[in-house]
Amino acid sequence: MFIVYGVYNLGRGQRVFDRTHCDICGKTNRPVVSYSAREFVHLMFVPLVPLGKNRIVRSCGTCKHFYKLPLKGSKLKAAIDELRREALARIGTDINHTLSDLADLAHMGDFEGAESIIKALDGHSQGARWLAEARFLTLKGDDQNAEASFRKALELDRTSGTPDYWFGHFLLMQGRDGEAVAQLSQAVQRDPGYEYSGLLHDFHLVRKQRRNWAGLATIMAELVRLHPEATGDKTFSKLYAKACRKAGRATGSANPYAQA
């Protein structure tokens, strides 16, 4: 008879779910989860001896790696305090940096800090404020209210492609590929200078789900028109050719989003 023993974390307090890049396995669009839990010594997976409480940060659904920070002590608090200061100092500069800071605070369990960033945006841009709220609600799993906040951000910011990009990303996570590709196309139209690399990660998700190849071919054709250098990326070119083949169109064919 084998005896199984060890330690594991039990609990799911302040759970945060996201899809992002894993620094360990290097995969993109991986499901990652963060939560607060108590560590136990177990025997045959029966918890016996309680140990300290930890914050499990960015547990990757692929490689299962995670960062563990004790909830008690100065290490987690110092990290949160430093991140808060840096995040608030960056308010009003680049909204994508702010959204990244907000996600980092949420993953560390500092929901109060994430909310303080949202409030700080009130004095800069209402569109950015609603976008940050939508992102925070997405991380907490409140998809219904997150979608309403995304739509509010789109109403208030009709020039930047950033709200369109993040809403498109959200729709992809929901499996609503047709709507997502249309939203990402809108992001490209509004902001032609936007880096295609972030969108490329989302395209791989569409490819994985094997839906809407016509929509994928359309937006990639627009990206090639706006960023001819994208064809130099072998991964991009391979996916573009496959999307066109699946959609039954020639690579580089005209698309409805192209402008004269």
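Just so it is clear, none of the values below were taken in a lab; they were calculated from the coordinates. Small disclaimer: the values here were computed from a predicted structure and weren't measured. Methodologically, a virtual Cβ is constructed for each residue, glycine included, from the backbone with ideal geometry; neighbour enumeration extends over all protein chains shown.
Odds and ends about this structure:
- Taken along the Cα-to-beta-carbon direction at a fixed 7 Å, the label points for A250 and M44 span 7.0 nm.
- A cut-off of 5 Å between modelled amide H atoms, ignoring neighbours fewer than 5 places along the same chain, links L71 with K53, N54, R55.
- Fluctuation leader among G26, G127, G215 - the chain, Gaussian network, Cα springs under 10 angstrom: G26
- At the listed q of 0.08, 0.12, 0.17 Å⁻¹, the Debye profile of the chain, built from one uniform point per Cα, gives log10 I(q)/I(0) equal to -0.39, -0.79, -1.28.
- Note on the stretch 108-169: semi-axes of the ellipsoid equivalent to its C-alpha gyration tensor, largest first and rounded to whole Å, are 18, 15, 9.
- Extension gain for the segment R151 to C63, taken as residue separation times 0.36 nm less the Cα-Cα distance, is 28.2 nm to one decimal.
- Long pairs among K27/K75; K27/K77; K119/K234; K77/K152; K152/K238; K27/K68, criterion Cα-Cα beyond 31 Å: K119/K234; K77/K152; K152/K238
- By the Kirkwood approach, averaging reciprocal distances over each pair of separate Cα atoms, the stretch 1-113 gets a hydrodynamic radius of 15.4 Å.
- Around S34: net Lys/Arg minus Asp/Glu count, Cβ-Cβ under 12 Å: +3
- Highest-MSF residue in the chain out of D157, D122, D101 [GNM, Cα springs under 10 Å]: D122
- Approximating the spin labels as points 7 Å out from Cα along Cα→Cβ, the K75-to-H124 distance works out to 3.1 nm.
- Among S160, S74, S34, the residue with the largest mean-square fluctuation in a Gaussian network model of the chain, with springs joining Cα atoms closer than 10 Å, is S74.
- Cysteines without a disulfide-compatible neighbour (Cβ-Cβ under 4.7 Å), the chain: C244
- With a Förster radius of 22 Å applied to the C-beta separation of K242 and H21, the computed FRET efficiency comes to 0.45.
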